[in-house]
1. Which ones in the stretch 63-117 are among the charged types (D, E, K, R), at pLDDT 80 or above and touching a helix residue (DSSP H, G or I) at 6+ places or on another chain (Cβ under 8 Å)?
2. Please enumerate the residues belonging to the stretch 320-337 that are in a loop (DSSP other than H, G, I, E, B) and surrounded by 15 or more Cβ atoms within 10 Å (Cβ to Cβ).
3. Quick one: ARG260 ticks every box in (1) modelled with pLDDT of 95 or more; (2) in a loop (DSSP other than H, G, I, E, B); (3) of a type in the set (D, E, K, R) except a single one, so which number is it?
4. Pull up the stretch 285-319, narrow it to residues that are small (Gly, Ala, Ser) and in contact with a Gly (Cβ under 8 Å, 6 or more places away or on another chain), then point me to the one that is surrounded by the fewest Cβ atoms within 10 Å (Cβ to Cβ).
5. Of the residues that sit in the stretch 264-284 and are part of a loop (DSSP other than H, G, I, E, B) and without any contact (Cβ under 8 Å) to a residue 60 or more places away in the chain, which one is surrounded by the fewest Cβ atoms within 10 Å (Cβ to Cβ)?
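The values are calculated or read from the model by the stated rules, or taken from the named source; none is laboratory data. Keep in mind that what you see is a predicted model, and the values were worked out from it rather than measured. Glycine gets a Cβ as well: all are built from the backbone with ideal geometry, and neighbour counts include every protein chain shown.
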Amino acid sequence: MAGNTNRYSTYTTASVGSGTDSKSGDKGEKKELWNSMLSSVASGRRLPEKNLIVLGGSVDSQREFFETLSSNDRRAHDRNASRVPPVANSFALGYTYYDVLDADQEDTLARISLYTLTSPSPAFASLLQPILTPQSIANTLIVILLDWSQPWKWMRQLREWILLLRTVLVSLSNECKETMEEVMLAWRDRGRGGGINLDGTAAVPTGDSEIGLPLGPGEWEDALGLPLCVVCQNAEKMEYLEKTQGWKEEEFDTVLQFMRTVLLRHGASLIYTTPSVPSQLPTLIHSSLGIHSLLKKQPLRHNVIDRDKVVIPPNWDSWGKIRVLRDGFDVDRVSNGWSIDLDQPFPRSRQNGTEGGDGESNGADEREVAEPDPEGSTVALYEESVHDPSMDALQLAGRNTHSTELEVETVDTQTFLAQQLKVLEAFKQKNEEAAREASHHRLHKKLADDDHLGDHSDAKTDARVLEHIGPVQFNMGGIQVDADDMVQRLKERQALGLSSEPDSPTAEEAVDSTPAMNTENLQAFFHGLMNRRGASAK
């Protein structure tokens, strides 16, 4: 007990000696210590937040892009019975998110928030501004979706989206602009020595100094302030273009050369994807956001050989590599023409028409709203090289239009039905007239057949009577003689005698020219014949 008392007294003495203020100070220090420990634990468990701004495409293609990125992570969530986050992208600015898991599907590396926009309307510029803050700019990637169903529209769509982004980025605060400059400098150093690669590894220096390679012609000429990635979806439709539109390798190479030349000015990446086919899209997107696996390194490889699996990482391409793809491509002209396109004012909305001073639409159609392309425009040059089949059909039809879409004017339902009713009545009247003519023709034919049958009715009646009565016979001297048979024999005998003489008429003519035989003479002839036969019998 004494020992315990001494230890206690020593502690209390020290405490008393420090006074009341020292007690409160110790409590304050303990409180600060716990706060710092809790803060460090909370910050360690806080997920890194990344942002993806997905522009272009349709509601379905945006969902397809989201499913491709989160396919592996969603399967892991399904195993853990977690709720899959919904995708809300049907109206204006859409939103969804997903967690990026490590290779073992256990640790969460980051949470990605996806903001989607389908129309490049200036009215939506104000929706993108709150997303870009000094804290989020360094963790944001811009993705533009294009579709292989209409590759002839790519340059025009790409120009509209970049012009919209420029209007948004210019309106940001000075602090945001300074942050964007730092981000762009860091991106230009990636893979050029002294920086870091997309897979998170340190870049190998080019020499004794840490200065990277200088920029080539056309590289980073129009930096946006944010990293950019262009995704060309539905690459399986390339086969459809080849079979139905007559596309060859030359057309596909031309599209790729235009895209690579334009994106080189922004330091952007490019990738072709096919639904339900594994691709490097998740690796490209995640590495561009600085998300790297702690367990498994996933290198990003370029691909310019497989036409439906093209992958162009940032800071990899150059004019020399673009020229090698196919000879005759003027990369200098295309690159300079793109700067001309970006110097144009942002086009007005094509869907709402031109508005007057009173805010009412004057009904101008799309061809009147769209500004003509400037001289030397890459968009115009691209559309001359990559033809729109619908425009070819319109030119063959002789229609004068500057639109890039096949327009069809619809007719009111009641008007259409009234027109069809008139057509049906005309067909009905025509069928009735044809039926009347056919009936009249059948009646005349029946009457003619009856007249023709009447001419032969008497002959048929006589033949039937003779057939019923039988041959005419009579008895001459006790001999039954068939009169018809005897007359026929006489005719044949007489015809035989006439045919033996020269220049004699034919048997038919002789029979016809023989005068009618007298009945009395005929009876005398048969009577004399019978008498001779009786005398010889005696």
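1. GLU67, ASP99 - these are the residues of the stretch 63-117 that are among the charged types (D, E, K, R), at pLDDT 80 or above and touching a helix residue (DSSP H, G or I) at 6+ places or on another chain (Cβ under 8 Å).
2. PHE329
3. Going through (1) modelled with pLDDT of 95 or more; (2) in a loop (DSSP other than H, G, I, E, B); (3) of a type in the set (D, E, K, R) one by one, ARG260 breaks only (2).
4. For the stretch 285-319, the residue satisfying everything is GLY290.
5. Result: SER276.
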